[in-house]
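The values are calculated or read from the model by the stated rules, or taken from the named source; none is laboratory data. Just so we're clear, the structure is a prediction, and the values are computed from it rather than from any experiment. Every residue, glycine as well, gets a Cβ built from its backbone with ideal geometry; the counts of neighbours run over all protein chains shown.
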Number of protein chains: 2
Amino acid sequence: MAGNSRDPGRSVTARALSVLTAFDVEHPRLTLTGIAQRADIPLATAHRLVRELELWGALQRDPDGRYVIGLRLWEIGLLAPVNGRLREAALPYMQELCETTHDNVHLAVRDELDAVYVEKLTTPRAVPIVSRTGGRLPLHATGVGKVLLAHAPASVLHSCCETGLSRHTAYTITEPGRLGRELQGVRTRGYASANEEMTLGNCSVAVPVHDASGTVVAALGVVAHSVRADVTRLVRSLLPAADGIRQRLAEGERVNLDALHR
Amino acid sequence: MAGNSRDPGRSVTARALSVLTAFDVEHPRLTLTGIAQRADIPLATAHRLVRELELWGALQRDPDGRYVIGLRLWEIGLLAPVNGRLREAALPYMQELCETTHDNVHLAVRDELDAVYVEKLTTPRAVPIVSRTGGRLPLHATGVGKVLLAHAPASVLHSCCETGLSRHTAYTITEPGRLGRELQGVRTRGYASANEEMTLGNCSVAVPVHDASGTVVAALGVVAHSVRADVTRLVRSLLPAADGIRQRLAEGERVNLDALHR
């Protein structure tokens with residue numbers, strides 16, 4: 001029981017969870033053998049665990065017999081606050097932004113050293129981008145990432161620099177000193193921008209989303225063509241949207257508190 | 001291990017999964033005691049399982065110490081085909097529908113006797129509705145539900161009638177014979193409508209979404225004010241959107257097949 005529960009073989013629960021971890025965006029459909037290999041467990045164990053997970057609805061079979069993540073696990077995952085509270089509050093504002101800008105609209109939160117994309121809305125006219133809902137990108141190279149990093153504890157920036165600031169284009173900021181000054185600017189200006197720092201030709205602009213207590217809980221951003229992006233205009237659209245989300249989060253908090261005191 | 005269990009027949013995996021099942025939309029945040037009670041397991045067992053689930057990221061703590069579904073479980077849930085394949089293909093068309101109709105736009109799939117709402121987009125001008133992403137509604141009383149029921153095996157309609165057709169308003173169809181004729185009409189016309197059958201004042205209109213093989217895999221619908229709903233106009237917006245989704249699903253299938261044969 002002691003130690004790292006991600007280590008397969010530690011406990012039955014850890015092994016059952018390792019079956020789920022075998023799935024990722026590059027491997028959303030797996031055979032039983034594939035699961036056993038990727039989870040690093042014997043085939044017989046995989047067979048037994050997969051059967052239990054399938055019975056419960058955490059896994060299900062595709063028409064071709066391969067396993068995929070099941071509807072029930074998806075339903076339970078949606079109960080995470082990042083969806084039930086944050087995404088639900090933000091979605092109408094994101095739709096409005098998408099309508100007015102015709103660009104990609106992002107909502108992201110920080111998990112350790114990654115920006116996790118909670119929702120991504122796009123239009124046929126928007127530039128193609130690498131993010132996807134539930135996907136992760138590094139913090140130092142995008143608008144939403146910079147906002148999250150600028151409002152994270154200093155230790156997070158230290159860890160990012162220690163891990164190494166990955167270079168994605170010639171314009172990615174990879175020197176710790178320059179990144180620190182850039183983040184200071186993000187805090188002062190109230191928004192972040194990243195011009196061709198993740199993808200050539202794309203510019204992203206983002207603002208912080210606060211909760212009722214004033215804590216930055218997410219970043220709201222737009223990704224546009226770098227040549228046609230009007231940063232000032234985008235910030236002017238983003239700020240009231242972020243404020244609308246803050247208000248809806250505060251209303252949700254009040255509902256929660258009322259429920260606690262009932 | 002089985003000694004302190006209230007149900008010695010339940011495996012460790014089943015008990016770990018029962019911890020997750022303790023959470024639902026009415027109970028998205030639980031104390032340890034709450035989890036033990038709702039999962040029907042001893043407190044000591046709950047403590048051990050919750051700790052493992054928390055280490056892995058399936059659960060996490062709220063600022064007030066209560067447990068919520070974790071970011072990692074949400075991320076893995078998003079790998080379900082209903083999200084990764086269906087929702088991603090449909091989202092741009094749903095946004096467009098939402099922009100043109102200014103009403104609620106739904107995407108739903110059938111799971112047993114329920115319509116499961118895969119995505120719901122709404123606008124400030126839209127009528128308030130009871131559905132939510134990841135939520136469930138009965139098949140016989142909404143537009144998307146009727147489409148899914150009309151294209152399900154006959155045994156599903158039998159089961160629905162046997163279980164009993166719940167009445168939601170004075171206009172809900174609760175007689176099996178009438179429902180059967182209504183579904184025949186849905187198949188003939190190519191769309192379904194439900195006027196104040198789930199909620200007074202609301203009208204829903206829906207069309208089937210086919211995959212590349214011609215199977216109905218989902219229903220796409222709009223919920224509008226019953227007085228201002230123009231069914232013909234709504235159907236005219238829904239049909240090309242459903243066809244666009246079918247094309248994107250077919251493209252996705254081709255990518256999958258290519259990956260299989262690589």
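On inspection, residue A:193 fails the criterion of being hydroxyl-bearing (Ser, Thr, Tyr) and in a helix (DSSP H, G or I). Looking only at residues in segment B:111-130 that are touching a residue at least 60 places away in the same chain (Cβ under 8 Å) and within 17 Å of residue A:76 (Cα to Cα), the one that is farthest from the other protein chains (Cβ to nearest Cβ) is B:115. Only a single item in (1) within 25 Å of residue B:212 (Cβ to Cβ); (2) in contact with a helix residue (DSSP H, G or I) (Cβ under 9 Å, 6 or more places away or on another chain) is not met by residue A:89, and it is number (1). The listed residues are B:187, B:132, B:228, B:136, and the only one of them that is in contact with a helix residue (DSSP H, G or I) (Cβ under 8 Å, 6 or more places away or on another chain) and at pLDDT below 95 turns out to be B:132.
Identify all residues within segment B:99-129 that are closer than 13 Å to residue B:238 by Cα and either of a type in the set (Lys, Arg) or crowded, with 22+ Cβ neighbours inside 10 Å (or both); write none if there are none. Within segment B:99-129, B:101, B:103, B:104, B:105, B:106, B:107 qualify.
A single entry from B:41, B:35 fulfils the requirement of being surrounded by 20 or more Cβ atoms within 10 Å (Cβ to Cβ) and either at the interface with chain A (Cβ under 10 Å from one of its Cβ atoms) or not in a helix (DSSP H, G or I) (or both): B:41.
Could you please find all residues in segment A:140-183 being among the aliphatic types (A, V, I, L, M), over 19 Å from the mean Cα position of the chain (by Cα) and part of a loop (DSSP other than H, G, I, E, B)? A:170, A:173, listed by residue number. Across segment B:138-170, the qualifying residues are those that are within 30 Å of residue A:85 (Cβ to Cβ) and surrounded by fewer than 22 Cβ atoms within 10 Å (Cβ to Cβ), and the one among them that is nearest to the other protein chains (Cβ to nearest Cβ) is B:138. In the condition set (1) surrounded by 23 or more Cβ atoms within 10 Å (Cβ to Cβ); (2) in contact with a strand residue (DSSP E or B) (Cβ under 6 Å, 6 or more places away or on another chain); (3) modelled with pLDDT of 95 or more, residue B:58 is compliant with all but (2). If you go through segment B:82-104 and keep only what is facing another protein chain (nearest Cβ under 10 Å) and of a type outside the set (S, T, N, Q), you end up with B:82, B:84, B:85, B:87, B:88, B:91, B:92, B:93, B:94, B:96, B:98, B:99.
Counting only residues that are in a strand (DSSP E or B) and free of Cβ contacts under 8 Å to residues at least 12 places away in the same chain, which one in segment B:15-32 is farthest from residue B:61 (Cα to Cα)? Among them, the one singled out is B:24.
Let's see how each residue does on (1) assigned by TED's automatic domain parsing to the domain that holds residue B:238; (2) touching a His at 6+ places or on another chain (Cβ under 7 Å); (3) polar (S, T, N, Q):
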| position | (1), (2), (3) |
| --- | --- |
| B:123 | yes, yes, yes |
| B:134 | yes, no, no |
| B:142 | yes, no, yes |
| B:161 | yes, no, no |
| B:166 | yes, no, yes |
| B:174 | yes, no, yes |
| B:184 | yes, no, yes |
| B:206 | yes, no, no |
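When A:166, A:204, A:213, A:159 are checked against the criterion of being of a type in the set (S, T, N, Q) and touching a Leu at 6+ places or on another chain (Cβ under 8 Å), A:159 stands alone in meeting it.
Here the condition is being facing chain A (nearest Cβ under 10 Å), in a loop (DSSP other than H, G, I, E, B) and among the aliphatic types (A, V, I, L, M); of B:49, B:53, B:79, B:73, it holds for B:79 alone. Residue B:201 meets all of the listed conditions (1) in contact (Cβ under 8 Å) with a residue 24 or more places away in the chain; (2) surrounded by 14 or more Cβ atoms within 10 Å (Cβ to Cβ) but one, namely (2).
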